[in-house]
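Step one of this worksheet: look at the structure below.
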Amino acid sequence: MRDISLHILDLAQNSVAAQAKRVGIYLEMDKTRDILTLVIDDDGRGMSREFAQKVLSPFTTTRTTRKVGLGLPMMLERARAAEGDLTIESEPGKGTRVVITMRLSHIDRPPLGDLDGTLLTLILMAGDDLNYTVRFTGIGDPFELDTSQVRAVLDGVPLSDPDAIAWLKEALAEAAAPYLAIDSQATDLIREDNT
Ligand SMILES: Nc1ncnc2c1ncn2[C@@H]1O[C@H](COP(=O)(O)OP(=O)(O)OP(=O)(O)O)[C@@H](O)[C@H]1O
Ligand SMILES: [Mg+2]
């Protein structure tokens, strides 16, 4: 099963393709309400209301190499299978916000997968004019990493500098750890339920 990290990669790729300069990736785990929420927010070219509606059907895409765009329909299907949903708010010239919810403890909820590794990859693949805001909330203190702030601190040293990479890697791993722990606990509960 495709994990949530791969979907994050897909959705961020859509934002990059839409010429976004800023992409927000927000993950919230609400244990009390048993809801996992993922938001991908960008300032890219956006879509008309009609197109945003059509996009969730697998026969709509602006790609010319292939007739069928599958990223969003697949994510919608996965969300619905976990008693969740996917909604798109978009405005041409302003940007796009994709909101995905799932039931945290649902047996069909995909695992988070390599959350910190995926985010590190996205950040390192970004050109100088693309910044990410990563936010994790719900478990312990909120975590936020804004690559434009990291760049400001680095003062001209690129994000690809080995020390910068090491710092980013550690910061993301440390922030993701409690979420990955809850992620596997939820899976353990499911396993217990089924044995
Ligand atoms: N963040 C976004 N900003 C603007 N347009 C978007 C965004 N996300 C998706 N779209 C539009 O919706 C279409 C469908 O996206 P989707 O991810 O489902 O498929 P795709 O990216 O075309 O192909 P695939 O993901 O299968 O490689 C895209 O081709 C694009 O036109
Ligand atoms: Mg896509």
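Of all the residues that make up the range 72-92, how many are farther than 10 Å from residue 57 by Cα and within 15 Å of ligand 2 (Cβ to nearest atom)?
Taking the range 72-92 as the starting set, the residues that turn out to be farther than 10 Å from residue 57 by Cα are 75, 77-92.
Filter once more, keeping what is within 15 Å of ligand 2 (Cβ to nearest atom): 75, 77-78, 86, 88, 90.
Total meeting the criteria: 6.
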* Structure fact -> Filtering the range 125-156 down to residues that are closer than 18 Å to residue 170 by Cα and touching a Ser or Thr at 6+ places or on another chain (Cβ under 6 Å) yields 132, 146
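Determine whether residue 165 is over 15 Å from residue 178 (Cβ atoms), part of a helix (DSSP H, G or I) and within 15 Å of the chain's Cα centre (by Cα).
Values: over 15 Å from residue 178 (Cβ atoms): yes; part of a helix (DSSP H, G or I): yes; within 15 Å of the chain's Cα centre (by Cα): no.
Here the answer is no, as residue 165 does not meet what is asked.
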* Asked: residue 111 passes all but one of (1) surrounded by fewer than 18 Cβ atoms within 10 Å (Cβ to Cβ); (2) out of contact with any helix residue (DSSP H, G or I) (no Cβ under 7 Å at 6 or more places or on another chain); (3) closer than 24 Å to residue 37 by Cβ; which number fails?
  -> (2)
* To do: Quick one: count up the residues across the range 67-124 that are in a helix (DSSP H, G or I), more than 16 Å from ligand 1 (Cβ to nearest atom) and under 16 Å from the mean Cα position of the chain (by Cα).
  => 8
* Under the condition of being at pLDDT 95 or above and outside any loop (DSSP other than H, G, I, E, B), which residue from the range 31-49 is farthest from residue 16 (Cα to Cα)? -> 35
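The values are calculated or read from the model by the stated rules, or taken from the named source; none is laboratory data. Since the structure is predicted, the reported quantities are computational estimates derived from the model, not experimental observations. Every residue, glycine as well, gets a Cβ built from its backbone with ideal geometry; the counts of neighbours run over all protein chains shown.
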